[in-house]
Amino acid sequence: MKKALKWLDDNLEMYICIVLLSLFAVILFIQVIARYVFNNSLSWSEELARYLFIWLVFIGISYGAKQMKHLRIDVFLNIFPKKIRPYIMVLSEIIVLVFAGIVFYSAVTTVSKYMKIHMASPAIGVPLWVVHSSAIVGYCLTFIRQIQAIRTRIIQIRHPELDETAQEAVAKEEVTAK
């Protein structure tokens, strides 16, 4: 069970993004072939590709949070003294965490409205709440990943002398000690 959870923690967003991007590319390729080779456009392909892309973006946000690779303004960070910068990084992770929580809450509200009105997409007939659920899933995962990022940044502040692998070991010891 622990191995499965570790695998999910390490790979969940990456594999979801790979599947979504692959489906997106295949569907668009089929659409191009159908349109330009057979002169017959598929009515469902563009809509499905759009929805796959929406899901890809929201899961990708979580993956970026997991990798701690989101865009940030380093010039802003560089105006602070080096001793304060790690604390500013923690603060920025907390701000993103709060933002993820707000967007998650808004997405839940939006999806509940779409579930009540039973609205479906025009071409493929998928309920629109399924499409809008991408924000719920993406920002829920982002919220979790931001908590992990904050924890990692705090460990980096406490143990700056350790490399990344050693910091992960410290983090595991702190979790098992609690």
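Here, each number is a calculation from the coordinates, and none is a lab measurement. Predicted model only: the values in this text are computed from it and were never measured. Here the Cβ is made from the backbone with ideal geometry for all residues, glycine too, and neighbour counts use every protein chain on show.
Mean Kyte-Doolittle hydropathy of 0.5 or higher plus an axial Cα length of 30 Å or more: which whole DSSP H helices in the chain meet both?
Correct list, ordered by number: 2-36, 45-67, 85-117, 128-158.
What does the charge count near Lys66 come to, summing +1 for each Lys or Arg and -1 for each Asp or Glu among other residues with Cβ under 10 Å from its Cβ?
So the surrounding residues net to -1.
Could you give the Stokes-Einstein D for region 1-82 in µm² per second, using the C-alpha Kirkwood radius, 25 °C, 0.890 mPa s?
Stokes-Einstein gives a translational diffusion coefficient of 158 µm²/s.
Of Gly64, Gly125, Gly101, which has the largest mean-square fluctuation in a 10 Å C-alpha GNM of the chain?
Comparing Gly64, Gly125, Gly101 in a Gaussian network model of the chain, the most mobile one is Gly125.
Sort 87-100, 19-32 by packing, meaning the average of other beta carbons within 10 Å per residue, with the highest value first.
Highest to lowest by the protection proxy: 87-100, 19-32.
Could you tell me how far the Cα centroid of region 142-162 sits from the Cα centroid of region 66-120, in Å?
About 15 Å separates the Cα centre of region 66-120 from the one of region 142-162.
Evaluate the Debye formula for region 2-177 with equal point scatterers sitting on the alpha carbons, no solvent, and hand back log10 of I(q)/I(0) at q = 0.13 Å⁻¹, in q order, two decimals.
The Debye formula, applied to the Cα set alone, gives -0.81.
Just rank His132, His70, His118, fewest to most, by other beta-carbon atoms within 10 angstrom.
His118, His70, His132
Rg and Dmax of region 82-130, using alpha carbons, in Å: what are they?
18.3, 56
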